[in-house]
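Engineer: Got a structure for you, questions after.
The values are calculated or read from the model by the stated rules, or taken from the named source; none is laboratory data. It should be emphasised that the depicted structure is a prediction, and the values quoted were computed from it without experimental measurement. Glycine also receives a Cβ, built like all others from the backbone with ideal geometry; neighbour counts cover every protein chain displayed. The area values use the complete protein model at the heavy-atom level, side chains included, leaving out ligands, DNA and RNA. Shrake-Rupley method; radii C 1.70, N 1.55, O 1.52, S 1.80 Å.
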Amino acid sequence: MSRIGNKIITLPADVSVNVDNSVVTVKGPRGTLSETINPDITVEVNGSELTVKRPTEQKRHKALHGLYRALVNNMVVGVSIGYRRELEIIGVGYKASSQGNILELTLGYSHNVFVAVPSELKVSTLTEKGSNPKVILEGTDKQLIGQVAAKIKSLRKVEPYKGKGIRFVGEEVRRKAGKSAGKK
């Protein structure tokens, strides 16, 4: 029994869901998202409740049941509330700035790194005196935000000795001890 798949998704008042064959389209105040689902899985809309059902108890159907319920729920949350991901840049001389959807990062390489953020997302940077620069990604598509955040994070991975690099705000990094044995 899939606990996630059996949960009912409650739709906010300003969100509408349209199911056409195997395409689920969700419209809300922040935009429209659509997802193609497996034809075996059925999505039913009853007033302000949405349920995802599977045809059999096969392991494959159970896995798809939970997956598509989570994807549809992410779409509903995305078009109603939206998603936000914050990255923190730690290191001396590391900077971030944005113009439109182009993110410019100074990460200790010989040249600045430019990242083109998809037009579906909004990128902004925050640099306050006394704190590390932050990159803020906002949008409706949770998968796209996670993918872009992972790409930005991979430009300068956090090293375990000094903790320099790009990380998510609040992320814990395991630190290693340096050389403990000195000269005798």
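Engineer: Residue-wise, which Karplus ³J(HN,Hα) couplings in Hz belong to the range 54-66, taking 6.51 cos²θ - 1.76 cosθ + 1.60, θ = phi - 60°, and x for glycine or proline?
Structural biologist: Calculated HN-Hα couplings, in order: 10, x, 9, 9, 4, 4, 5, 5, 5, 5, 5, 4, x Hz.
Engineer: Separation between the Thr42 and Glu138 pseudo-spin-labels, each 7 Å from Cα along Cα→Cβ, expressed in nm?
Structural biologist: For the pair Thr42/Glu138, the computed spacing is 4.1 nm.
Engineer: Could you work out the local net charge near Tyr83, counting Lys and Arg as +1, Asp and Glu as -1, over the other residues with Cβ closer than 13 Å to its Cβ?
Structural biologist: +1
Engineer: If you count only protein heavy atoms with a 1.4 Å probe, what accessible area per residue comes out for the chain, rounded to a whole Å²?
Structural biologist: I get 63 Å² per residue for this part.
Engineer: Hey, another quick one. Sort the following peptides by mean Cβ neighbour count (other Cβ atoms within 10 Å, averaged over residues), highest first: 120-128, 170-178, 141-149.
Structural biologist: Order by mean packing, descending: 141-149, 120-128, 170-178.
Engineer: What dipole magnitude, in Debye to the nearest 20, does the range 1-85 give about its Cα centre under +1 on Lys/Arg Cβ and -1 on Asp/Glu Cβ? Let's see the in-between values first.
Structural biologist: On the way: 12 positive and 7 negative charges, 90 e Å.
Its charge dipole is roughly 440 debye.
Engineer: To the nearest 20 debye, what is the magnitude of the charge dipole of the chain about its Cα centre, counting +1 on the Cβ of each Lys and Arg and -1 on the Cβ of each Asp and Glu?
Structural biologist: About 1460 debye.
Engineer: OK, next. Write down the Å³ per residue value for the convex hull defined by the alpha carbon atoms of the range 92-184.
Structural biologist: Enclosed volume per residue, from the Cα hull, is 126 Å³.
Engineer: Let me ask something else about it. Given the -39500 (n - 2.57) contribution per DSSP H run of 4+ residues, what per-residue ellipticity at 222 nm results for the chain, rounded to the nearest 500 deg cm²/dmol?
Structural biologist: It comes out at -6500 deg cm²/dmol, rounded to the nearest 500.
Engineer: Past the 20 angstrom mark, what percentage of all C-alpha to C-alpha distances in the range 20-93 do you count?
Structural biologist: Percentage above 20 Å: 41.
Engineer: In whole percent, and with a 1.4 Å probe on the protein chains, what portion of the accessible area of the chain is carbon and sulfur?
Structural biologist: Working: 5790 of 11630 Å².
Carbon-and-sulfur percentage of accessible area, whole number: 50.
Engineer: Any idea what the relative contact order of the chain is, in percent, if you count C-alpha pairs under 8 Å spaced at least 6 apart?
Structural biologist: Relative CO of the chain lands at 18 percent.
Engineer: Let me ask something additional. What is the local net charge at Gly31, summed over the other residues whose Cβ is closer than 10 Å to its Cβ (Lys, Arg +1; Asp, Glu -1)? Before the final figure, lay out each step's value.
Structural biologist: Details: positive: Lys27, Arg30; negative: Glu120, Asp141.
For residues surrounding Gly31, the net value is 0.
Engineer: What is the distance in Å between the Cα centroid of the range 125-139 and that of the range 1-60?
Structural biologist: Answer, in whole Å: 35.
Engineer: Ser97: net charge of surrounding residues, Cβ under 13 Å, Lys/Arg +1, Asp/Glu -1, itself excluded?
Structural biologist: Residues near Ser97 contribute +1 overall.
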